[in-house]
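Asks: The structure is given below, and queries will be raised subsequently.
The values are calculated or read from the model by the stated rules, or taken from the named source; none is laboratory data. Bear in mind the structure is a predicted one, so any value in this text is a computation, not a measurement. All Cβ positions, even for glycine, are placed from backbone atoms using ideal geometry, and neighbour counts span all protein chains on display.
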Amino acid sequence: MCGKLGEKHLKRLVEVVGEQNVFIQPKAIEDYTHDMAEYEAVPAVVVRPEREEQVAEVVQLASEANIPVVARGAGSSLTGAAISQGGIVIDTRRMDKVVSIDTVNWYVDVQPGISLEDLNRQLKPHGFFFPPDPASSYICTVGGAIAEGSGGLRCVKYGTMKDWVLAVRVVLANGKVTKFGEALSKNRAGYDLVHLMVGSEGTLGVVTEAWLKIIPIPSAKTKRFLVTFDDWQSTGEVIKKLRSSRILPNLFEFLDRDNIHALNEKLGMSYDEAEATLLVDVDEKEVPLVEGIFRECGALKIMAARDAEEEEAFYQARSMAYLAVKSLATGIQVEDVSLPIDKLGDYLKLVKRVAAKYGLQIPVNGHAGDGNVHPTILFEKSDPKSRDSANLAFEEICRWAISMGGSVTGEHGVGIQKPKFMREQMLAHDGEEALRLMKEVKNLFDPNSIMNPGKYVEAA
Ligand SMILES: Cc1cc2nc3c(=O)[nH]c(=O)nc-3n(C[C@H](O)[C@H](O)[C@H](O)COP(=O)(O)OP(=O)(O)OC[C@H]3O[C@@H](n4cnc5c(N)ncnc54)[C@H](O)[C@@H]3O)c2cc1C
């Protein structure tokens, strides 16, 4: 049973972080009542600590009073992971400093509230960068990206957050602080608790500092293309041919007609509205081979970016697609399935069939290079029939992915959106014991279930 936040707790929170950093009024907490897929819940209080000791004191108070506590970065989660009903929300964005940049050992030591874009802005003058780049990098925080195990556009080449975190400091559910991992290229001392924190969705502890690998900004010349096709079969063939030709693009993204239409209509862009569009970025020496593959697979139009400005415009089209599509409807459910890459073309056709079956619009975009698809189900929020159809379509889309050997989430995580489907996936793929162990891990870290309770593994 959860406790309730009382006057004495509020007084204590004010003592810990200062009155100006404790919010309870509806208007002041409005921004914290939803995430960016419009999952909603109303927290009892929002606090904005500046230092790790303050986070530890807040969590300790939550532990003593048995009140839920949810760490929050930018709230750009798409699965309801960053919201709390009646709990304490810890907004980490005042903890936004780069502590140090080590250009010999190639890591950066940062606080959790810095955005990925700001981190890269600070690394650039040193000639380094941090590769994981969710399309939300302009706002999403290091802590949120670690907790979500986020991916992004460059992950086809560089992997996701799990490949870039060396060590973290964490406030545990009992308010104690510990460090997992070392800022070293190699470290084999003990179980890998660093990677347990990556993708833990705020359910095991609050990350208060992170040591992240960095690498030099690549010097190879690259070329960026937008290529259109009139069917998904051809798009699937391009994906297979690039991979079997051992081409590893720097970016390899796709958008359907609905996404391009939304970008044109809502954000004033003017791209061709073809059935399928690929965004591909490769090293310049690979251009002849890659252009040949586009043509062989029946490309309608091959547009090569003429300069850095156009390269950025192509990138922005892909990264703004979710926001453009979101503005088309009152209700939205965005999925995030991950599939064997050779099944991508078949799956995309299937999503369109599901859309037709339920009379819904389901724009799709995603990361072609790592088999990660984002079907975005649009529905009318005030119409129960439309909402039911969206739920049925969502279920079908998840179940198709599971039956094709895929995962219900490649990067957005589980939150409150899909514990049921995570469970189905694990049971279907021989993971029953793994799920049991995960639940025990949660119980070991957080026996009273105060850390982002009722979500993810606990709810699966
Ligand atoms: C337009 C748009 C595009 C997106 N594109 C991508 C994409 O390409 N790839 C991708 O992977 N995701 C994408 N996302 C999803 C989302 O942006 C990422 O999951 C992001 O990393 C979340 O960061 P955040 O700071 O907003 O975290 P929040 O949404 O605030 O929190 C997310 C989760 O992390 C936990 N958390 C936050 N901070 C901490 C901390 N310090 N310690 C412990 N737990 C913490 C929260 O409790 C919550 O469970 C996109 C979202 C939007 C809106």
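Asks: Counting just the residues of the stretch 393-437 that are at positive phi and crowded, with 17+ Cβ neighbours inside 10 Å, which one comes out nearest to the chain's Cα centre (by Cα)? Reasoning before the result, please.
Replies: Step one: list which residues in the stretch 393-437 are at positive phi, which gives 405, 413, 415, 430.
The next check asks that each one be crowded, with 17+ Cβ neighbours inside 10 Å; those that pass are 413, 415.
On the way: GLY413: 7, GLY415: 11 Å.
Among those that are at positive phi and crowded, with 17+ Cβ neighbours inside 10 Å, it is GLY413.
Asks: Could you figure out which of (1) more than 30 Å from LEU78 (Cα to Cα); (2) at pLDDT below 95 isn't true of SER319?
Replies: Here SER319 meets the rest and fails (1).
Asks: So, one more: List the residue pairs whose Cβ atoms are under 7 Å apart, where the first residue sits in the stretch 133-150 and is of a type in the set (Asp, Glu), the second is not in a loop (DSSP other than H, G, I, E, B), and the two are 6 or more positions apart or on different chains.
Replies: Sorted first by the residue in the stretch 133-150, then by its partner, the pairs are ASP133/LEU116.
Asks: With the requirement that a residue be near the ligand (Cβ under 8 Å from one of its atoms) and of a type in the set (A, V, I, L, M, F, W, C), what does the stretch 120-136 give you?
Replies: ALA135
Asks: Conditions: (1) within 28 Å of PRO131 (Cβ to Cβ); (2) part of a helix (DSSP H, G or I); (3) charged (D, E, K, R); (4) touching a Pro at 6+ places or on another chain (Cβ under 9 Å). ASP281 meets all but one. Number of the miss?
Replies: Only one criterion in (1) within 28 Å of PRO131 (Cβ to Cβ); (2) part of a helix (DSSP H, G or I); (3) charged (D, E, K, R); (4) touching a Pro at 6+ places or on another chain (Cβ under 9 Å) is unmet by ASP281, namely (2).
Asks: Next up: Of the numbered conditions (1) more than 16 Å from the ligand (Cβ to nearest atom); (2) free of Cβ contacts under 8 Å to residues at least 60 places away in the same chain, ALA460 fails exactly one; give the number of that condition.
Replies: ALA460 satisfies all of (1) more than 16 Å from the ligand (Cβ to nearest atom); (2) free of Cβ contacts under 8 Å to residues at least 60 places away in the same chain except (1).
Asks: Being more than 10 Å from the ligand (Cβ to nearest atom), farther than 26 Å from VAL55 by Cα and among the basic types (Lys, Arg) narrows it down to one residue among LYS162, LYS157; which is it? Before you say what the answer is, go through the steps one by one.
Replies: On the way: LYS162 fails: farther than 26 Å from VAL55 by Cα.
On inspection, the qualifying residue turns out to be LYS157.
Asks: For the stretch 378-392: of the residues being in contact (Cβ under 8 Å) with a residue 40 or more places away in the chain and among the small types (Gly, Ala, Ser), which is surrounded by the fewest Cβ atoms within 10 Å (Cβ to Cβ)?
Replies: By that ranking, first place goes to SER382.
Asks: Restricting attention to the stretch 88-112, and to residues there that are of a type in the set (S, T, N, Q) and assigned to a loop (DSSP other than H, G, I, E, B), which single residue is farthest from VAL171 (Cα to Cα)?
Replies: Of all residues in the stretch 88-112, those of a type in the set (S, T, N, Q) come to 92, 100, 103, 105, 111.
Cutting the leftovers down to assigned to a loop (DSSP other than H, G, I, E, B) gives us 92, 103, 105, 111.
Working: THR92: 13, THR103: 28, ASN105: 26, GLN111: 13 Å.
Taking the candidates together, the pick is THR103.
Asks: For ARG169, work out the one condition from (1) away from the ligand (no atom under 14 Å from the Cβ); (2) farther than 20 Å from GLU117 by Cα it doesn't fulfil.
Replies: (1)
Asks: Still on this structure: Somewhere in the stretch 29-39, is a residue part of a helix (DSSP H, G or I) and of a type outside the set (D, E, K, R)?
Replies: Our first condition is that a residue be part of a helix (DSSP H, G or I); within the stretch 29-39, this holds for 29-32.
When the remaining residues are screened for being of a type outside the set (D, E, K, R), the result is 29, 32.
Yes; the residues of the stretch 29-39 include at least one that is part of a helix (DSSP H, G or I) and of a type outside the set (D, E, K, R).
Asks: Residue by residue through the stretch 182-223, note down the ones that are more than 16 Å from the ligand (Cβ to nearest atom) and surrounded by 22 or more Cβ atoms within 10 Å (Cβ to Cβ). Can you show your working first?
Replies: At the first step, the residues of the stretch 182-223 found to be more than 16 Å from the ligand (Cβ to nearest atom) are 182-192, 213-223.
Of everything in the stretch 182-223, just one residue is more than 16 Å from the ligand (Cβ to nearest atom) and surrounded by 22 or more Cβ atoms within 10 Å (Cβ to Cβ), namely ILE214.
Asks: Only one residue in ILE90, ILE139, ILE83 is surrounded by fewer than 18 Cβ atoms within 10 Å (Cβ to Cβ), within 9 Å of the ligand (Cβ to nearest atom) and within 22 Å of GLU50 (Cα to Cα), so which one is that?
Replies: Values: ILE90 fails: surrounded by fewer than 18 Cβ atoms within 10 Å (Cβ to Cβ); ILE83 fails: surrounded by fewer than 18 Cβ atoms within 10 Å (Cβ to Cβ).
The conditions single out ILE139.
Asks: Are there any pairs with C-beta distances below 6 angstrom linking a residue in the stretch 339-364 that is over 21 Å from GLU273 (Cβ atoms) to a residue that is among the acidic types (Asp, Glu), with the two at least 6 apart or on different chains, and if so which?
Replies: Every condition considered, the pairs that remain are VAL354/GLU396.
Asks: Sort out which residues of the stretch 40-57 are within 12 Å of the ligand (Cβ to nearest atom), in a helix (DSSP H, G or I) and not charged (D, E, K, R), and write them in order of number.
Replies: Passing the criteria: only VAL55.
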